[in-house]
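Notes follow once the structure below has been shown.
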Amino acid sequence: ENDAGDYTCVCGDKQSTASLTVHALPVLFKEELKNEEVLEGASVSLRCELTKAAPVQWKIGSKVLKASDKYQMRQPGTSAELVIHDLEVEDA
């Protein structure tokens, strides 16, 4: 999208101009989340891979998760990871 704009070819006192429009591709999942079974008190890492870097939001049901001592979120490049520490039965 940053490449969109008017481009001009100049030759002496003559020129030709064209407008370039770039349509963004949708963000898709290259690798989806996988189901996990973990013992109470342990930690778990949930990961997914996107087709391009984009902001993600982590939820449990309809509740949006925020970074805390319990929930650690990382997003290097096109990977998104949620680490949940000190798991409780209620975290399922």
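The values are calculated or read from the model by the stated rules, or taken from the named source; none is laboratory data. Just so it is clear, the structure is predicted and the values come from calculations on it, not from any experiment. Side chains included, ligands, DNA and RNA excluded: accessible areas come from the protein's heavy atoms. Shrake-Rupley method; radii C 1.70, N 1.55, O 1.52, S 1.80 Å.
Partner lysines whose Cα lies under 30 Å from the Cα of Lys63, excluding those fewer than 8 positions away in the same chain, are identified as Lys30, Lys34, Lys52. The spread of Cα positions in the range 1-53, taken along each principal axis and listed from longest to shortest, comes to 75, 15, 11 Å. Nonpolar atom fraction for the range 20-92, defined as the carbon and sulfur part of the 1.4 Å probe accessible area, stands at 54 percent. Rolling a 1.4 Å probe across the protein heavy atoms gives the chain an accessible surface of 81 Å² per residue. Considering only Gly77, Gly61, Gly12, the Gaussian network model of the chain with Cα springs below 10 Å gives its largest mean-square fluctuation to Gly12. Over the Cα atoms of the chain, the radius of gyration divided by the Kirkwood radius equals 1.31; this is the Rg/Rh ratio. Only aspartates and glutamates eight or more places from Lys14 in sequence, or on another chain, were considered; those with a Cα closer than 17 Å are Asp6.
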